[in-house]
Amino acid sequence: MQPILVTFAAVPDGPWRIADVKAVTGDGLARAPALAITEGCAIQDPPASSWVLRGITSNVRYTTRSELDALSAAQEGLGRPQATRAALIPIRKSPAWWALAQEERRAIMEEQSRHIKIGMEYLPAVARRLHHCRDLLEPFDFITWFEYAPDQANAFEELVGRLRETEEWRYVEREIDVRLVRRG
Ligand code: HEM
């Protein structure tokens, strides 16, 4: 699959209303009324009070063949009509994380933290897309995006709670949790 450049812009009005912005670790982001997501080409920066984050979809780094097969059998895509809730969670990991070797990161992420195993429990209720931004010199390393139905909101809360208790999250030095509601 070709990488897609995705721009997330805080805007005065847009298809996703921003319901909540919470700084989980480190500095937060300014509150804004809505979020616009543009794929393919960078949009012009919106007014000064807003923020713009960019990321690129990419190949997987850590997932094994059997995990990939299990994920593709279980997961559903973005844009499902019933999935009117979303979470935008930008994350930056620490220099200690990036100083590790690839297999050390994989060991922390999966063998110790069970990120993929835990995440699989919430499929297909939660649809997701991971965007990389470290190599774009953005303020975050990743922008994560999740969509789910309103009746899955508690399950999603449980999922983020479980992940934040893992060894992997000890390497997270900035995380913001933005929650959104799709406009009818
Ligand atoms: C919905 C269930 C979830 C599943 C099935 C899932 C699965 C995955 C997989 C397979 C990867 C590895 C991609 C690769 O091999 O490069 C990954 C990476 C990642 N996920 Fe999740 N995930 C889930 C939920 C979450 C949540 C809720 C968050 C944030 C709170 C999150 C944050 C991340 C981040 C930041 C990465 C990149 C880690 C890195 O490369 O260092 N994931 N996820």
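Summarising the amide proton neighbourhood of R174: residues at separation of 5 or more, or on other chains, whose placed amide H is nearer than 5 Å comprise R92. Computed 3J(HN,Hα) for segment 61-69, one whole-Hz value per residue from the Karplus formula 6.51 cos²θ - 1.76 cosθ + 1.60 where θ = phi - 60°, is 9, 10, 6, 7, 4, 5, 5, 4, 5, glycine and proline marked x.
Under a 5 Å amide H cut-off, with hydrogens placed 1.01 Å from N, A34 pairs with V11, I18 among residues at least 5 apart or on other chains.
Residue-wise HN-Hα couplings along segment 24-32, as the Karplus relation 6.51 cos²θ - 1.76 cosθ + 1.60 with θ = phi - 60° gives them from phi, are 7, 9, x, 5, x, 10, 5, 5, 8 Hz; Gly and Pro carry x.
The calculated FRET efficiency for the pair E157 and Q102, based on their C-beta separation and a Förster distance of 30 Å, comes to about 0.45.
In terms of packing, defined here as the mean over residues of other Cβ atoms within 10 angstrom, the peptides 157-163, 129-135 line up highest first as 129-135, 157-163. Dipole magnitude for the chain: computed about the Cα centre from +1 point charges on Lys and Arg Cβ and -1 point charges on Asp and Glu Cβ, it is near 300 debye. Across the chain, the mean sequence separation of Cα contacts (distance under 8 Å, 6 or more residues apart), normalised by length, yields a relative contact order of 34 percent.
Between A30 and R65, the C-beta separation translates, for a Förster distance of 30 Å, into a calculated FRET efficiency of about 0.10. Calculated mean residue ellipticity, 222 nm, the chain: -5000 deg cm²/dmol, from DSSP H runs (n ≥ 4) at -39500 (n - 2.57) each, averaged per residue and rounded to 500. Each residue of segment 136-149 is assigned a 3J(HN,Hα), and the resulting list reads 8, 6, 7, x, 10, 8, 9, 10, 9, 9, 9, 10, 7, 7 Hz, derived from the Karplus form 6.51 cos²θ - 1.76 cosθ + 1.60 (θ = phi - 60°), x at Gly and Pro.
Centre-to-centre separation between the Cα atoms of segment 118-171 and those of segment 81-99: 5 Å. Probing with 1.4 Å while keeping every protein chain in the model, the per residue accessible area of segment 42-176 equals 52 Å².
The values are calculated or read from the model by the stated rules, or taken from the named source; none is laboratory data. Only a predicted model underlies this, so the values are computations on that prediction, with no experimental measurement involved. Ideal geometry is used to build each Cβ from the backbone, glycine not excepted, and the neighbour counts take in all protein chains shown. Heavy atoms of the whole protein, side chains included, go into the accessibility calculation; ligands, DNA and RNA do not. Shrake-Rupley method; radii C 1.70, N 1.55, O 1.52, S 1.80 Å.
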